[in-house]
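To start, the structure itself, in structure tokens.
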Amino acid sequence: MSSASSMVDWDLAGRTARRLVGPGPQTTREEAAAVVRELHEAAATAVSHVEALTGLHAVPGGPPPEVAVVDRPGWIDANTAGMAALLNPLVDALAARQETRPGPLATAIGSRATGVQAGGILAFLSSRVLGQYEVFGTGGRLLLVAPNIVDAERRLGVDPTDFRLWVCLHEVTHQLQFTAVPWLRGHLEGQVAEFVEATDLTPDVLRDRLRDVLRSIGDAVRGTEGGDDSGLMALIQDPAQRAVLDRVTAVMSLVEGHAEFVMDGVGPDVVPSVRTLRKRFAQRRKGRGPLDRVLRRLLGLEQKMKQYADGRVFVGGVVDLVGMEGFNRVWSGPETLPRIEELTDPARWVERVHGRPAIPA
């Protein structure tokens, strides 16, 4: 029977990425140890600031949050496991519907080719990502990629202590979103299951398409434009599937926009050089980080790019209209999450959820 491993050889992807990944910035052993220690301290410090600004608190009695300061290979290992955990249910569900299955030789060749491509992309990202909260895979861990944070602060010429806390504010916000709102992870997993239920693709078609898209992503992350931007969306014609992707896009816009709002909203009392950090970091990112670029290419969401970026505008707009307490109604349940069209019109969300016209607070 086909399995998730027939699409991507994740072991090979991880080995390929580890072989290709470049070394981090030069540091002494003492400097490296100090960075690890300060990042743990910054992550712990960030919690109280994020809670104070957002009004969110982790559910009492839940497992203590785990913070892992990792190097680039450590990030690769975590994301290889996470990507496999996300794709396995999709591919297994599709494989179960097949009446005929490919032979073992074709399966092995296809999965290895795709694994090498995925490994190249993971290697590239492993030198760019500063941190992330793991929703899938190990689940519940906050990862901080120490060499990339050091490399970024040196390139930007910013205060290291401020920058490390600023990065932690963003990632701790994600951590708090999923620990204070425990139904959110299950909701995202449910959307994946609903997507599978609505699709009639075969694993072979999906794998072949994925291979083409990975090749296009490889060009994109190396700075070579052109190629195929339609991504996996090219295979999705069913309105029900597109509706699911709209909902996922809206949720991801919300959580990313909320984190951006928080990391800037704490103000100079917490991060003295916050305005300088935002200005220089925005110039570095130029509005499109490597993870955004890969995800948009993978899913073919270039047309939704503005909606995805408008998460920060949505959060700020709602807070202006109903305050932070009123904004936090967004976490009440799936029905109060923003709809795709509300990202650019926060007043529509206020009117729908609060049941009254939106008047600035």
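The values are calculated or read from the model by the stated rules, or taken from the named source; none is laboratory data. Note that this is a predicted model, so its numbers are computed, not measured. Here the Cβ is made from the backbone with ideal geometry for all residues, glycine too, and neighbour counts use every protein chain on show. We work out accessible area using only protein heavy atoms, side chains counted, and drop any ligands, DNA or RNA first. Shrake-Rupley method; radii C 1.70, N 1.55, O 1.52, S 1.80 Å.
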| query | Where residues in region 55-70 are closer than 17 Å to VAL167 by Cβ and in contact with a helix residue (DSSP H, G or I) (Cβ under 6 Å, 6 or more places away or on another chain), which of them is surrounded by the fewest Cβ atoms within 10 Å (Cβ to Cβ)? | reply | PRO65
| query | Just checking, which of LEU156, LEU176, LEU169, LEU143 is open to solvent by 20 Å² or more (accessible area, probe 1.4 Å) and touching a residue at least 60 places away in the same chain (Cβ under 8 Å)? | reply | LEU156
| said: Being open to solvent by 10 Å² or more (accessible area, probe 1.4 Å) and at pLDDT below 60: is that true of GLY231 here? | reply: no
| Residue that is open to solvent by less than 60 Å² (accessible area, probe 1.4 Å), under 14 Å from LEU144 (Cα atoms) and not hydrophobic (A, V, I, L, M, F, W, C), where the choices are PRO73, PRO25 | PRO73
| field | Cβ-Cβ under 8 Å pairs, at least 6 apart or on other chains, region 264-293 side at pLDDT 85 or above, far side crowded, with 17+ Cβ neighbours inside 10 Å and part of a loop (DSSP other than H, G, I, E, B) | value | SER273/VAL158; VAL274/VAL266; THR276/VAL158; LEU277/VAL158; LEU277/VAL271; ARG280/VAL158
